[in-house]
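As structure tokens, the structure follows; a few thoughts come after it.
The values are calculated or read from the model by the stated rules, or taken from the named source; none is laboratory data. This is a predicted model, so every value here is computed, not measured. As a convention, Cβ positions derive from the backbone with ideal geometry for all residues, glycine included, and neighbour counts pool all protein chains shown. Side chains are part of the model used for accessible areas, which takes the heavy atoms of the whole protein and leaves out ligands, DNA and RNA. Shrake-Rupley method; radii C 1.70, N 1.55, O 1.52, S 1.80 Å.
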Amino acid sequence: DWSSDVCSSDLLSGGSGDPIDFNRDVRPILSDHCFQCHGPDKAKWQADLRLDVREGLFGSSGSGDGVVQPRRPEDSKLWSRVATTNPDEQMPPPDSGRPLSPRQREVLRRWIEQGAPWQGHWAYLRPVRSAPPPAGPSAFVRNDVDRFIARSEEHTSELQSPCNLVCRLLLEKK
């Protein structure tokens with residue numbers, strides 16, 4: 001599915017060295033590919049396993065009986081089922097029509113290697129203000145919003161396009 005590829009892509013996670021964020025990078029993969037059988041709908045549960053809750057991923061009270069073993073993908077059932085090529089063990093099953101892309105597998109592996117930090121659903125988390133990125137060389141950076149926009153633009157010349165200038169003018173007049 002293109003949305004989880006985009007949401008969990010290096011475009012958002014910043015590249016292979018940056019930390020994987022559970023809500024941004026991992027939860028969309030699990031939601032799109034795993035929650036149909038291992039999510040909140042008890043009527044559809046398979047193998048009595050839930051991947052939408054902390055206890056389902058890690059076991060109860062850190063008992064070690066979960067499918068994810070932080071920092072140890074080789075010992076994590078989730079990783080072994082995602083990485084295998086054996087169609088009888090592979091998750092999601094080949095007949096589900098929801099195969100994981102290599103990028104999605106890599107995100108899951110890196111997340112486990114990085115300690116598999118879990119987060120509650122983003123809607124229930126207190127917002128955290130991000131520090132604005134450095135201003136850079138652009139003469140059009142006048143406030144913190146411009147800093148975020150400049151960081152996301154490939155070329156500063158795009159910031160100076162007539163369309164962007166008109167939009168900026170209209171927004172600043174308000």
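The 1.4 Å probe gives accessible areas that order GLU55, GLU74, largest first, as GLU74, GLU55. Between ALA43 and GLU113, the FRET efficiency from the beta-carbon distance, with R0 = 35 Å, is close to 0.55.
The string of couplings for the range 104-121 from the Karplus curve (6.51, -1.76, 1.60, θ = phi - 60°) is 5, 4, 4, 4, 5, 4, 5, 4, 5, 4, 7, x, 6, x, 9, 10, x, 4 Hz, one whole number per residue in order, with x for Gly and Pro.
Ranking HIS121, HIS33 from most to least accessible surface, computed with a 1.4 Å probe over the protein chains only, gives HIS121, HIS33.
With the simple model of a label 7 Å out from the Cα in the direction of the Cβ, ASP95 to CYS163 spans 4.7 nm. Note on the range 27-102: dipole from Cβ charges, positive end direction compared against THR84, PRO28, PRO99; the farthest Cα belongs to PRO28. The accessible-area ordering, largest first, of the residues VAL141, VAL68 stands as VAL141, VAL68, per a 1.4 angstrom probe.
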